[in-house]
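Written below as structure tokens is the structure these notes are about.
The values are calculated or read from the model by the stated rules, or taken from the named source; none is laboratory data. Every value quoted in this text rests on a predicted model; they were computed, and no experiment measured them. We place every Cβ from the backbone using ideal geometry, glycine too, and count neighbours over all the protein chains shown.
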């Protein structure tokens, strides 16, 4: 499609977009396959019986302390796994660091 098949010397400046569409489709498939593997953090089961829970704006603050308990006996402070006996000390220490 770049040149016409005539006897003249006139060139056509049409752009062939087929290769670009092929590349975009391949990239789309790659991103669709890779994206589920990029999930980071700890998986926690969320209760499903809540109809419209209010979102606490304090959770998303940088100074907030997030404690996750995904399974019995596992405790996470942020993304760091800690023992239950150390939980109170680490929360106090984390709170003091953010207050300063």
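Before moving on, here are some points about what is shown:
- Qualifying residue in segment 36-49 (condition: surrounded by 10 or more Cβ atoms within 10 Å (Cβ to Cβ), out of contact with any helix residue (DSSP H, G or I) (no Cβ under 9 Å at 6 or more places or on another chain) and modelled with pLDDT of 75 or more): no
- If you go through segment 69-88 and keep only what is at pLDDT 80 or above, touching a helix residue (DSSP H, G or I) at 6+ places or on another chain (Cβ under 8 Å) and either surrounded by fewer than 13 Cβ atoms within 10 Å (Cβ to Cβ) or under 12 Å from residue 44 (Cα atoms) (or both), you end up with just 75.
- Yes/no for residue 95 being part of a helix (DSSP H, G or I), at pLDDT below 80 and over 20 Å from the mean Cα position of the chain (by Cα): yes
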